[in-house]
Amino acid sequence: MNKKNKVLFKTALLSISLVLTSASAISAIIPMMLNQLSGVSSSLIESVVTIPSFTMMLFVLLSGPISSRLGKKNTVMLGLLLVVIGGILPMFTTNITWILALRLVLGAGLGMFNSLAVSLISDFFEGDERAQLVGFQSAVQGLGSSLATFVAGQLALIDWKFAFLCYAITIPVALLFFFIIPEPERVEPTAERSTGTGHKSGGVSIPVLGLGAALFLFMTFIMIVYTKTGIMIAEKNMPNPGFLGTALTLFSLATMIAGFLFGKIYKWFRNYAPFISSLLTATGFVLLWFAQNVTMVTIAMLIIGFSFALFIPYIFTILTKIVPKGSETISISIAMVGSNLGAFASPYVIKLVGMLFGNETASFSFLVSAIVFTIAALICLGIAIRGKGSKVQAAVHS
């Protein structure tokens, strides 16, 4: 493969990641929906952003068996078709039941190729090039999210329902992937190997489950950036509330920049990357808690967006190293389940925490997240310092 064709191949392979995190692109319309759909509870309307994660979680698990039967390429194409249907059609209704049902279809489509977007990289690339592309994959997610969020925000100025047109970006992505990417060779899972910690390294192992649990907690408390920021701006009567769409776009751009830099950051910090990510995220949430204007909100979201994009590719880089060849898809799927379950559960977990402490304001939820990520940073620092050659630590240094 010559250099020009290789660039085109990588572009097509990474292009499907443009829509992977687009479920939250319409977050800016939540305050508008709250105003227009006055008879619907706020937690249900917030679920318009998070409910795709439920079917994403289910279809991430099903994507392995489906891809075994249909092939990875056909599975991706089917997923992209569902994204077009579930993404765009909500613009034609104001019925919350139909909107949520179609958002479930969107989540199913995204779940079909969520883990494949990473495992396909492992199918075609190895070594440092693979680690670099995993970072790029996270960056492309940030780029796609920022584009979709910006377009959705601009369309929402016309009518909030028009924001769903942002998912039309899926159509050219599907065409590019269809014409450029071949079906990868099938690889049978290799024999399970000893991890050095007494656990086997098959698809479902203690390290894999641990990383999935970490993603669950991470996404549970990171999703409030999308669901609570607009509400917090309204609570504090900040001027220029329409700036939220731009702030969310900048948040996504920060994730893109961090994704492109991940390869170098990973080489510099290795197993300290989660500590740095968690500490920066905690700092961002403290700023959101204190924020009194949209400028401070934007700075906080830039910090959180950047740190968010350091944690996710780190997890998946480690996953692709600690599991046997041929087991990447199921392992990534388990991690994705943790991620999507956390995103889906976020509004309900945050509401429960607010009820327990007698404070359900958006600002308080940011304080809770700041505390959670501070604790996470201390745990990650302890793990990094105490690393004694476990399989995960060995993978980090390999």
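Any read-out appearing in this document is the output of simple, stated calculations on the displayed coordinates, not a laboratory observation. Quick caveat, the model's predicted, so the values are computed rather than measured. Note that each Cβ is placed from the backbone with ideal geometry, even for glycine, and that neighbours are counted across all protein chains shown.
Per DSSP helix of 4 or more residues, -39500 (n - 2.57); summed, then divided by the residues of the chain. What does that give at 222 nm, rounded to the nearest 500?
Computed ellipticity for the chain at 222 nm equals -25000 deg cm²/dmol.
Working out 0.36 nm times the residue gap between residue 360 and residue 185, then minus their Cα-Cα distance, what length gain in nm do you get to one decimal?
Value of the extension gain: 57.9 nm.
With a 10 Å radius around each residue's Cβ, average the other Cβ atoms per peptide and rank 153-160, 282-289, highest first.
The most tightly packed comes first, giving 282-289, 153-160.
Whole angstrom only: what separates the Cα centroid of region 63-121 from the Cα centroid of region 243-306?
Taking the Cα centre of each part, region 63-121 and region 243-306 sit 28 Å apart.
Excluding the sites themselves, what is the longest stretch of the chain that contains no trypsin sites (Lys or Arg not before Pro) in a DSSP loop with at most 16 other C-beta atoms within 10 Å?
1-185
Quick one: if the Förster radius is 41 Å, what FRET efficiency do residue 40 and residue 375 give, using the C-beta to C-beta distance and rounding to 0.05?
In this case the efficiency is close to 0.75.
Take peptides 11-19, 41-49 and line them up by average Cβ neighbours within 10 Å, highest first, as a rough protection proxy.
My ranking of the peptides, most packed first, is 11-19, 41-49.
Beyond a 22 Å Cα-Cα separation, which of these cross-linked pairs lie in this structure: 236/351; 6/267; 264/321; 72/161?
Long pairs (Cα-Cα over 22 Å): 6/267; 72/161.
For region 76-142, what is the convex hull volume of its Cα atoms per residue in Å³?
Working: hull volume 5.2 nm³, N = 67.
It comes to 77 Å³ per residue, whole-number rounded.
What helices does the chain have that are whole DSSP H segments, at least 27 Å long along their own axis by Cα, and with mean Kyte-Doolittle hydropathy of 1.0 or more? Please list the in-between numbers first.
Numbers: long enough: 127-156 (43 Å, 0.39); 244-269 (34 Å, 1.25); 294-322 (42 Å, 2.04); 328-357 (41 Å, 1.26); 362-386 (36 Å, 2.17).
Long hydrophobic helices here: 244-269, 294-322, 328-357, 362-386.
Among 76-88, 354-366, how do they line up by average Cβ neighbours within 10 Å per residue, starting with the highest? Spell out each step's value before the answer.
Values: 76-88: 21.6, 354-366: 15.6.
Top to bottom by mean Cβ count within 10 Å: 76-88, 354-366.
Let a ≥ b ≥ c be the square roots of the eigenvalues of the Cα gyration tensor of region 245-315; is it rounded (a/c under 1.5), or, if not, prolate (a/b larger than b/c) or oblate?
oblate
Provide the gained length on full extension for the span residue 383 to residue 9, in nm with one decimal, where the gain is 0.36 nm per separating residue minus the Cα-Cα distance. Mind showing how you got there, number by number?
Values: separation 374, 0.36 × 374 = 134.64 nm, distance 3.78 nm.
Answer, rounded to one decimal: 130.9 nm.
Starting from the alpha-carbon convex hull of the chain, give the projected area averaged over all orientations, in nm².
Details: hull surface 74.2 nm².
Directional mean of the projected Cα hull area for the chain stands at 18.5 nm².
Test of understanding: what is the full-extension gain from residue 154 to residue 128, defined as 0.36 nm times their sequence separation minus their Cα-Cα distance? All intermediate terms of the calculation are to be shown ahead of the outcome.
Numbers: separation 26, 0.36 × 26 = 9.36 nm, distance 3.88 nm.
Going from the current span to full extension adds 5.5 nm.
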